[in-house]
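Notes to accompany the following structure.
Every number in this text was worked out from the coordinates using simple rules, so none of it is lab data. Quantities reported herein were computed from a predicted structural model and do not represent experimental measurements. Every residue, glycine as well, gets a Cβ built from its backbone with ideal geometry; the counts of neighbours run over all protein chains shown.
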Amino acid sequence: MRRSGHACDRSHSGHSPGDLSICAAGSVRYSSAAMAPLRITLLLSALLTLAGGARAVDFKKDVRPILKAKCYGCHSEEAKKEKAGYVFDNLERFAGDIGPKGQIVPHDPERSNFLDLVTRDKDPMPPSGKERLSPAEIKVLRQWIEEGASLDGSGGGKPGGKSSGGLPTRQPEAPPAPLQDWTNTEGKTIKARYVRMSGEAVVIKTAENKSFKVPLAKLSPATQDQAKAAAAAEAKAAAP
């Protein structure tokens, strides 16, 4: 076989023309046509690696440090502050605010008032004068909610069962309750809508979209009855 310079001779032993060439240096050079399947295989492998490597957000490792740094100062038993009735360091209590009508709606960031509070410009949380959440921190919270807002890695709650395709079904939003007067034991009154009961407290929301979780014991007797009546009506409407 004659070789000259860098010219390559075709090898026909078991390969069709254009598959490979044997170069003067003794190396094997594949043609573009022969390399195409290999390129496709490598590309698919890379895509599968990327897809499999996407790590789910872990509450303890990823979310809790954000809450501790930016929220515990006003919403934790550790700081002995429970502004608007919310705490994030007691997971049992925090879990009560995660659900279809909670501050955090699993799988649905757009309906999660918590995410709205930390991203909006008007009356945001943390309040003016305190360090806001960074875009990276907001991205983590959003992904956590999208994945179900789990506190223990179990996959979180569901906003309303699952569709046949395995995706969470969006629960229809009920019409908002009417604005009513809510009076505490000190005689102070605000206008707000009933949202839901949370243990021995009632969650209400003002027309400005500010939420408060108020212990029933801190409400006037008439307002306690109002909260209980709203809860009873809600339970009756939800009954099959």
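Give the share of C-alpha pairs in each 5 angstrom bin for the range 59-146, from 0 to the last occupied bin, in whole percents, shortest bins first.
The calculated distribution, bin by bin, is 3, 14, 25, 31, 21, 6, 0.
Taking H placed 1.01 Å from N in the peptide plane, check which residues at least 5 places from residue 198 or on another chain put their amide H under 5 Å from its amide H.
Amide H neighbours of residue 198: 203.
Within the set of other residues whose C-beta is less than 14 Å from the C-beta of residue 216, count the net charge using Lys and Arg as +1 and Asp and Glu as -1.
Surrounding charge for residue 216 is +2.
Using Cα positions and a limit of under 19 Å, work out the lysines in reach of residue 213, with same-chain residues fewer than 8 apart set aside.
The reachable lysines, counting only those whose Cα sits under 19 Å from residue 213, are 80, 81, 83, 101, 188, 191, 205, 228.
So what's the range 179-238 giving for Rg/Rh, alpha carbon basis, Kirkwood Rh from the mean inverse pair distance? Before the final figure, lay out each step's value.
Details: Rg = 10.7 Å, Rh = 11.4 Å.
Ratio of gyration radius to Kirkwood radius for the range 179-238: 0.94.
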